[in-house]
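Visitor: Got a structure for you, written out below as structure tokens; questions coming shortly.
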Amino acid sequence: MLPRLFLRRLMQTLGKAVVRNEHAGQPLPTVYKAFEAAKINFRRSATSMIAGWPGSFKTCLALNLMVEWAKAGLCGIYISADDDAIGVAGRVGAILSGYPVEAVEEGLRDKSAYYVSTLKQVSSLRFVFSATDIDEVDRHMTWQHLEVGLNHQQIISNQQVNIG
């Protein structure tokens, strides 16, 4: 038998899903023509995995996708246990500005108005750098859903989550 709290939460989630998530499962806009040609699709509110060896640019790809989708007006959340805010902000700022990551990071440390305003282009994204277990990930995902409604995209980066 399932716990009452779990059933109540599941029922609320399903009730909201009918009303709020009418676009769930629809493809997100294509960012790379090569993905489109290979029929690689990312879907709204779906779980997709980007896997590869360490150093194979998984985070770089994920952040590029998120930035492009944010520029298209979509909201999302990026959760990571081993990235830091200045590092991710530097990468995102570099993607948006075309300047090297190091220059963007330095500009952000100096509170450069240019780089700070550049990051406002992705204000529909939320970033979490402290979720270290599955309960924290769930709390952040739930909060994001309650705050903005449908998450078009969720990235959980480098999580080594203890589920059991």
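The values are calculated or read from the model by the stated rules, or taken from the named source; none is laboratory data. All values reported here derive from a predicted model rather than from experimental measurement. Quick reminder, even Gly has a Cβ in these numbers, built from the backbone with ideal geometry, and neighbours come from all protein chains shown.
Visitor: Which condition from (1) farther than 27 Å from S130 by Cβ; (2) touching a helix residue (DSSP H, G or I) at 6+ places or on another chain (Cβ under 6 Å) is the one that F35 breaks?
Guide: For F35, the failing item is (2).
Visitor: Please name all residue pairs, on different chains or six or more residues apart, with Cβ atoms under 6 Å, provided the first residue is in region 28-47 and is within 18 Å of L63 (Cβ to Cβ) and the second residue is among the small types (G, A, S) and in a loop (DSSP other than H, G, I, E, B).
Guide: Close Cβ pairs satisfying both conditions: P29/A72; F42/S48.
Visitor: Since V122 meets every condition but one in (1) closer than 24 Å to Q26 by Cβ; (2) at pLDDT below 75; (3) not small (G, A, S), which condition does it not meet?
Guide: Status for V122: all satisfied but (2).
Visitor: Please tell me if L108 is more than 30 Å from K33 (Cβ to Cβ) and at pLDDT 90 or above. Walk me through how you get there before you give the answer.
Guide: On the way: more than 30 Å from K33 (Cβ to Cβ): yes; at pLDDT 90 or above: yes.
Yes; evaluated as a whole, the condition is true for this residue.
Visitor: Quick check on region 101-119. Is at least one of its residues within 25 Å of M141 (Cα to Cα) and touching a helix residue (DSSP H, G or I) at 6+ places or on another chain (Cβ under 7 Å)? I'd like the intermediate steps shown before the answer.
Guide: Step one: filter region 101-119 for residues within 25 Å of M141 (Cα to Cα), giving 119.
Next, only the ones that are touching a helix residue (DSSP H, G or I) at 6+ places or on another chain (Cβ under 7 Å) stay: 119.
Yes, region 101-119 contains a residue that is within 25 Å of M141 (Cα to Cα) and touching a helix residue (DSSP H, G or I) at 6+ places or on another chain (Cβ under 7 Å).
Visitor: Considering only residues that are touching a Gly at 6+ places or on another chain (Cβ under 8 Å) and modelled with pLDDT of 80 or more, look in region 43-58 and name the one that is nearest to V92 (Cα to Cα).
Guide: The residue in question is K58.
Visitor: Could you check region 63-80 and list, in sequence order, the residues that are within 19 Å of G98 (Cβ to Cβ) and of a type in the set (A, V, I, L, M, F, W, C)?
Guide: Residues of region 63-80 that are within 19 Å of G98 (Cβ to Cβ), as a first pass: 63-72.
Correct list: L63, L65, M66, V67, W69, A70, A72.
Visitor: Here's something else I'd like to know. I'd like to know if region 30-38 contains one or more residues that are at negative phi, out of contact with any Cys (no Cβ under 7 Å at 6 or more places or on another chain), in a loop (DSSP other than H, G, I, E, B) and among the hydrophobic types (A, V, I, L, M, F, W, C).
Guide: First, pick out the residues of region 30-38 that are at negative phi: 30-38.
When the remaining residues are screened for being out of contact with any Cys (no Cβ under 7 Å at 6 or more places or on another chain), the result is 30-38.
Now restrict to residues that are in a loop (DSSP other than H, G, I, E, B): 30-32, 38.
Then keep just the ones that are among the hydrophobic types (A, V, I, L, M, F, W, C); that gives 31, 38.
Yes, some residue in region 30-38 is at negative phi, out of contact with any Cys (no Cβ under 7 Å at 6 or more places or on another chain), in a loop (DSSP other than H, G, I, E, B) and among the hydrophobic types (A, V, I, L, M, F, W, C).
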